[in-house]
Amino acid sequence: MYRNFHRTKQTLIMAAVGLLESNPTAEITSEHILEISGISKGSLYHHFEDFSAMMEYAHVFIFTREVERSLAAMNTMLLQSNSREDLVGFLAKLTRQSQAPEMDALRKFRLVTVAQSVTNLRLRKFLAEEQGRLTGALADLFREAQERGWGNPTLNPTTVAIFVEAYTMGKIVDEITATHMDAEAWYAIVDKTIETVLFPAVK
């Protein structure tokens, strides 16, 4: 979606993204965006219905960016895998990267964005379009693994995509508690699910 935007619109969104990465949303003003981007106030309101719309696009951009990186990594893994065992090994490494403690802030940001979309219908529309695209891309990857004989043929690819997205986001449940689970125990259960449910060995 963003690639088709006018260059000025992209510049404004990226200025907002840069500020969101180090500032609370409530502290960001249109003046901050205009100063950083070097774009006039008139241009901002020419490309966006209002300031909030621009910030919503920036939220959705951050929401989708890391997922797109993971999708790209999974696609590379699939291309480089010569066997089901290769793919499972690659996915174990990706699990540890995507679920690492340094990703906690991004998970919280994504959770807040989803929560805001419950009452913000415009944000929900923006988010739904991108989320649908991401889920479809993940489902396509699993479908290709099925065609290679590695993915569980009894599972629906879209359902698998939603499940993977849910457990990735779901780690936030542990992050808000006072006593955290053991990280290796978490990785172990994800690995087991991948190995025995999503990509079971052919007997």
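The values are calculated or read from the model by the stated rules, or taken from the named source; none is laboratory data. Being a predicted model, the structure only gives us computed values, none of them experimental. Positions of Cβ are backbone-derived with ideal geometry, glycine not excepted, and every protein chain shown enters the neighbour counts.
Observations on the structure shown:
- Test: Ala128 is loosely packed, with under 15 Cβ neighbours inside 10 Å, closer than 25 Å to Leu20 by Cα, small (Gly, Ala, Ser) and in the same structural domain as Glu68 (by TED's automatic domain parsing): yes
- Hits in the stretch 58-73 - residues which are surrounded by fewer than 21 Cβ atoms within 10 Å (Cβ to Cβ) and not β-branched (Val, Ile, Thr): Phe61, Arg65, Glu66, Glu68, Arg69, Ser70, Leu71, Ala72, Ala73
- In the stretch 84-107, the residues that are surrounded by 11 or more Cβ atoms within 10 Å (Cβ to Cβ) and of a type outside the set (A, V, I, L, M, F, W, C): Arg84, Glu85, Asp86, Gly89, Lys93, Thr95, Arg96, Gln97, Ser98, Gln99, Asp104, Arg107
- Ser37 being modelled with pLDDT of 90 or more, closer than 21 Å to Thr113 by Cα and surrounded by 14 or more Cβ atoms within 10 Å (Cβ to Cβ): no
- Scan the stretch 132-167 for residues that are free of Cβ contacts under 8 Å to residues at least 24 places away in the same chain and aliphatic (A, V, I, L, M) and the total you get is 2.
- When Met77, Met55 are checked against the criterion of being crowded, with 17+ Cβ neighbours inside 10 Å, under 30 Å from Leu91 (Cα atoms) and not polar (S, T, N, Q), a single residue qualifies: Met77.
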